[in-house]
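Peer 1: Quick one: the structure is below, questions incoming.
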Amino acid sequence: RVREAMDTAGYRKFRITGCVQSGKTFLIVIVVCWHLFERHETVIYGVPDLHETGADKWREELLPVIQKSPYMAQFIPDTGRGSRGGTPTAIKFSNGATLRFMSATDGDHRPAHRA
């Protein structure tokens, strides 16, 4: 029912929040991958700290899932940020979708405040 609602109800923005140990990571990985690889849309992933949390979310939660899927793995960039480690801020996949990590710190506080 959730997928049907997301596909047909005309929603343009999705937000996921929850308390500790509520299953956010599992749900976020599914929704992020769906938007990136099925809908070819840009995803903004809000994290508390870009350099620590953002890099960890990419390396430990999203990248392993993407690499396990032959379909999604084909879109992993060969060059640019996120292709060889480091702290990715925006990862542009070869299908045209972009995964952007944004925090309220590390210089992102002004753009985030204006949004």
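Read the figures in this text as sums done on the coordinates, not as results from a lab. Given the structure is predicted, the values throughout are model-derived calculations rather than measurements. No Cβ is skipped: glycine too gets one built from the backbone with ideal geometry, and neighbour counts run over all protein chains shown.
Peer 1: Once both labels are modelled 7 Å past Cα along the beta-carbon direction, what's the residue 68-residue 90 spacing in nm?
Peer 2: For the pair residue 68/residue 90, the computed spacing is 3.0 nm.
Peer 1: Something else about it: What full-extension length gain, to one decimal in nm, is calculated for residue 59 and residue 78 as 0.36 nm per residue of separation minus the Cα-Cα distance?
Peer 2: 5.3 nm
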